[in-house]
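The next block holds one structure in the form of structure tokens; read it before the comments.
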Amino acid sequence: MSLGYVQKLSFKEDVGTLGMSEIFDPPNVLQQKIEELASLIEESKHLVVFTGAGISTSCGIPDFRGPKGVWTLQNVDSIHLRSGIPREKLAELHGNSFMEICPSCGAEYLRDFEVETIGMKETPRRCSDIKCGAKLRDTVLDWEDALPRKEMNAASKHCRMADVVLCLGTSLQITPACNLPLKSLRGGGKIVIVNLQPTPKDKKAWLVVHGMVDQVMAGVMERLNCQISPYVRIDLFHVIFNQTHCIGERKYTKWSLRVISVHGEKAPLSFIKSVEISFPDRRELKVAVLQKQPFVLKREMLLRPLDILLKINLSDGCGCQFVNIDFPVNFEESSGCVNLDKDKVIQKLKDVTVQDQCCGKFSVIERKNVPGQKKELSTYAVVTNIVKYGAIAPIAKLSVVNTVAKRSKEKVDIRSDDCLMASCEGEGTMKKLRVQ
């Protein structure tokens, strides 16, 4: 897939005369609307969810047009994929700041760090396919960039097929994306808008709900008897142990240990603050504290078995402070290869974490020796966070606050509001759509 896959159509803002005031439905009205929305979803045969930056605010990510909106932050934060929605169920119209794409073969790479560039520019990495090797590009659109044809076609197709298009937390002001929900009307579909501010499409909607997106959707899920699964975040990293060579008659050896990203040695490990390396069976050896990347320790010592303890100190925002990993080393024998099913290991970690309600659990996914070298590469998966959606306060007890704010006048370099679309087919579709 080359860059020619985009339409010759850039996105622009259709601001109109709408103000910035927020509207809250009275509690009894909001409850009625939630029940009506739940019924529409339950009866739906083809549901499309059209989301904007408003769904990110509950996660602490500022939106674009809200009273506390920030112009330079946008809804390209990858929370849809992190929630567990399959990639084939998403059309990321304005990109994903955690995604890189190969312009040659079309391979996508989801990262655990924000890609350094925007505007579909080249990044420092290359496609890992040995038959390709092309330079990767970011996927976030700038103002003048055209919408990707593949994503736009999928979005258009499912909107035409939809009997319900649910618009969540979007201003519906960015063309051409904002006009996609209207395609459902031709086939008798209904549009539902959940947003705290008026939108240009309100008059076309079957139902307009003025309420917090997470509160509304939690009410809908409860009405449908669907449990909101806890969000379990799992991050991966490599530990590379390299024995360089032996020296002297007493068989001294030089070795190094590296903790690196699975995305490459120069890629950031945003979830790791520091690494402490100690030697429980060799008290005379000092503890090494690696404060920043690259996390590398080099030593020279006698050639005999060694127990290494890795204390991985996790970054602020993670659900636990650190993880301890025993890393035994036998310089004269290999530790043996491990090659487990990655998906099964991750699912087991999630299940155990949800059961125990604590993070910090980890597992080895793979361990292999590099041919022709005394180098061992181990891949670890570690649970860095678990978030359970909290109890929702009864609607009648929620206070109603109306606020007004002026639009920011800062210069904007990039923006993306109506970013993603999830499509699910069949009855009970909301059971397939995780609300995180």
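The values are calculated or read from the model by the stated rules, or taken from the named source; none is laboratory data. Given the structure is predicted, the values throughout are model-derived calculations rather than measurements. Backbone-built Cβ (ideal geometry, glycine too); neighbour counts: all protein chains shown. Heavy atoms of the whole protein, side chains included, go into the accessibility calculation; ligands, DNA and RNA do not. Shrake-Rupley method; radii C 1.70, N 1.55, O 1.52, S 1.80 Å.
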Which residues, counting only those in the stretch 209-268, are touching a Ser or Thr at 6+ places or on another chain (Cβ under 8 Å), among the polar types (S, T, N, Q) and surrounded by fewer than 18 Cβ atoms within 10 Å (Cβ to Cβ)? 242, 243, 244, 256
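To keep it simple, each residue is scored yes or no on (1) touching a Leu at 6+ places or on another chain (Cβ under 9 Å); (2) within 18 Å of residue 110 (Cβ to Cβ); (3) modelled with pLDDT of 95 or more.
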site	(1), (2), (3)
277	yes, no, yes
281	yes, no, no
284	no, no, no
289	no, no, yes
293	yes, no, no
300	no, no, no
303	no, no, no
Testing residue 178 on (1) open to solvent by 50 Å² or more (accessible area, probe 1.4 Å); (2) touching a residue at least 40 places away in the same chain (Cβ under 8 Å); (3) of a type outside the set (Asp, Glu); (4) outside any strand (DSSP E or B), one condition comes back false. Which one is that? (1)
Across the stretch 107-126, the tally of residues that are buried (at least 16 other Cβ atoms within 10 Å of the Cβ) and either part of a helix (DSSP H, G or I) or in contact with a Phe, Trp or Tyr (Cβ under 8 Å, 6 or more places away or on another chain) (or both) stands at 5
Residue 82 vs (1) more than 26 Å from residue 179 (Cβ to Cβ); (2) part of a loop (DSSP other than H, G, I, E, B); (3) not hydrophobic (A, V, I, L, M, F, W, C): all pass except (2)
Can you tell me how many residues within the stretch 319-337 are under 26 Å from residue 268 (Cα atoms) and open to solvent by less than 40 Å² (accessible area, probe 1.4 Å)? 4
In the stretch 308-318, anything open to solvent by 50 Å² or more (accessible area, probe 1.4 Å) and at pLDDT below 95 is listed as 316, 317
Test residue 302 against the criterion of being over 21 Å from residue 366 (Cβ atoms), free of Cβ contacts under 8 Å to residues at least 40 places away in the same chain and in the same structural domain as residue 376 (by the TED database), and give yes or no. no
So which pairs qualify, if the first residue must be in the stretch 284-295 and within 12 Å of residue 259 (Cα to Cα), the second must be hydroxyl-bearing (Ser, Thr, Tyr) and open to solvent by 80 Å² or more (accessible area, probe 1.4 Å), the Cβ gap must be under 7 Å, and the two must be at least 6 apart or on different chains? none
